[in-house]
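To start, the structure itself, in structure tokens.
Derivation of every value follows stated rules applied to the coordinates shown; laboratory data play no part. Only a predicted model underlies this, so the values are computations on that prediction, with no experimental measurement involved. No Cβ is skipped: glycine too gets one built from the backbone with ideal geometry, and neighbour counts run over all protein chains shown.
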Amino acid sequence: MQKFTSFEDLQQHYAKSGMSGTLALKAARSSRPDLFAKLQQAPHTTTDEEQILKTVLDGRARQNQLQAAIDEVAQSRGIRKSEAARQLRRQRPALFD
């Protein structure tokens, strides 16, 4: 059997032998757990796509928090959401930055 120095090379070897991607990963992990552990311990660098996704998700979370605050003010004071948003903007402008 060949000597593999990386988990990716081992996985590609199994994939080239006709296994599906998932089965190749499973076989590589089972046959060489040391290479898999080495892969898991490697430092991760954040890609541009990951950073964009994080920014989008953070934006959505912030938007959801703002909407929840508006809903709470509207319900507790018995006013329309548009009026609640105006009041909230005056009271807590940092939420809208």
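Worth a mention:
- Conditions (1) assigned to a helix (DSSP H, G or I); (2) aliphatic (A, V, I, L, M); (3) surrounded by 13 or more Cβ atoms within 10 Å (Cβ to Cβ): number failed by residue 19: (1)
- Residues being under 14 Å from the mean Cα position of the chain (by Cα) and assigned to a helix (DSSP H, G or I) - total across segment 39-72: 14
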